[in-house]
Amino acid sequence: MELAEFERANERAREMQASVPRAVAARYDRRLGRVVISLSSKVDVMFSPRDAEGLEKATPSELEGIEISPSGFGIHFPRLDADLYLPALLEGFLGSRKWMAARLGATGGRSRSVAKRKAAKKNGRLGGRPKKKVRAA
């Protein structure tokens, strides 16, 4: 890495430190069943571990002992070897794009709208989902 690139990266980090709240404390609240993060802006943020990638199936004891990165932008769960990036979490992203898309798709698949029920009923009368067409080689 060139010195100029290194300096630009440091400048971006300083700007981010000045403009984005950092984690100053983090804990798992067993009573609420939520991860609670206290920010440098004096705001507390909490979320259900079931809604975060890598924490979905964690037990309460696995969620204790949360570590904060030196920058304050990373949250680490050592017993799970799972990490969350605070700026993304503050934007509502509790996992990677792929993981979030899969969760969104699963939610859509559970939809019980009138239109979906009608389409399923119609497909059932027609013999179910159409078979895939296989092309001869």
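Restricting the search to region 64-74, which residues are at pLDDT 95 or above and buried (at least 16 other Cβ atoms within 10 Å of the Cβ)?
Those that are at pLDDT 95 or above and buried (at least 16 other Cβ atoms within 10 Å of the Cβ): 66, 68.
Any residue at all in region 96-107 that's modelled with pLDDT of 70 or more and among the small types (Gly, Ala, Ser)?
Restricting attention to region 96-107, the residues satisfying the condition of being modelled with pLDDT of 70 or more are none.
Looking for residues that are modelled with pLDDT of 70 or more and among the small types (Gly, Ala, Ser), one finds none in region 96-107, hence no.
Can you name the condition, by its number, that residue 54 falls short on among (1) over 16 Å from the mean Cα position of the chain (by Cα); (2) touching a residue at least 12 places away in the same chain (Cβ under 8 Å)?
(1)
Quick check on my filter: what residues within region 36-62 are of a type outside the set (D, E, K, R), assigned to a loop (DSSP other than H, G, I, E, B) and in contact with a Phe, Trp or Tyr (Cβ under 9 Å, 6 or more places away or on another chain)?
Selection gives 54, 55, 58.
Can you give me the number of residues within region 75-93 that are in contact with a strand residue (DSSP E or B) (Cβ under 6 Å, 6 or more places away or on another chain), in contact (Cβ under 8 Å) with a residue 24 or more places away in the chain and surrounded by 15 or more Cβ atoms within 10 Å (Cβ to Cβ)?
Adding up the residues that qualify gives 3.
Of all residues in region 1-35 being out of contact with any Phe, Trp or Tyr (no Cβ under 6 Å at 6 or more places or on another chain) and β-branched (Val, Ile, Thr), which is modelled with the lowest pLDDT?
Going through the qualifying residues, I end up with 20.
The values are calculated or read from the model by the stated rules, or taken from the named source; none is laboratory data. Just so we're clear, the structure is a prediction, and the values are computed from it rather than from any experiment. We place every Cβ from the backbone using ideal geometry, glycine too, and count neighbours over all the protein chains shown.
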